[in-house]
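Q: Okay, here's the structure, questions in a sec.
What follows is calculated from the coordinates using simple rules that are stated; it is not laboratory data. If you're wondering where the values come from, they're calculated on a predicted model, not measured in any experiment. Every residue, glycine among them, receives a Cβ derived from its backbone with ideal geometry; neighbour counts consider all protein chains shown.
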Amino acid sequence: MGSRFPAMPAGGAIAPRSSSSQGPTKARSWRRPEYEGTQAFSCQIGNNDVDVMEWLNHVNDGLGMDLKEQAWVLGMAMECYNKGLITKKDTDGVDLTWGNVEGVEAMMNKIARRDGLAMSWPRGS
């Protein structure tokens, strides 16, 4: 009796691809994120744009960072920024207001390079 599920291709499952024709992800293509990536780069950082959420997941994968930890750290940084506990001066000019996905992407790169205030953030939240 055969399986009702198709065999997994050699090398593991292949995620469907996504692309965007508008906004900050215009003309880019990437693999769709797993479940945790959808939560991590959406409600955790105040983002409601699915294309941007998928793009940030792709960027995070490229940096080789754990996406849940990355999102928790960035969410905490955004909370501190919005409550005035850290300022634009502390973040080297990066605006971390809720939903500012350009700021999130910039901080992801700073964390990966251990640059500025983000030097200690790779240790996690």
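Q: Using +1 at the C-beta of Lys and Arg and -1 at the C-beta of Asp and Glu, which of 116, 62, 40 has the Cα lying farthest in the positive direction of the dipole of segment 34-120?
A: Of the listed residues, the answer is 116.
Q: Evaluate the distance, in nm, between pseudo-label points positioned 7 Å from the Cα of residue 35 and of residue 92 along their respective Cα→Cβ axes.
A: My value for the distance between the label points is 3.6 nm.
Q: Going by a ≥ b ≥ c, the root eigenvalues of the Cα gyration tensor, does segment 34-120 fall in the rounded group (a/c under 1.5), the prolate group (a/b larger than b/c) or the oblate group?
A: On the way: a/c = 1.91, a/b = 1.34, b/c = 1.43.
Here segment 34-120 falls in the oblate category.
Q: While we're looking at this one, here's another question. Hey, rough spin-label estimate for residue 63 and residue 50, points 7 angstrom out along Cα→Cβ, what's it come to in nanometres?
A: Roughly 2.5 nm, to one decimal.
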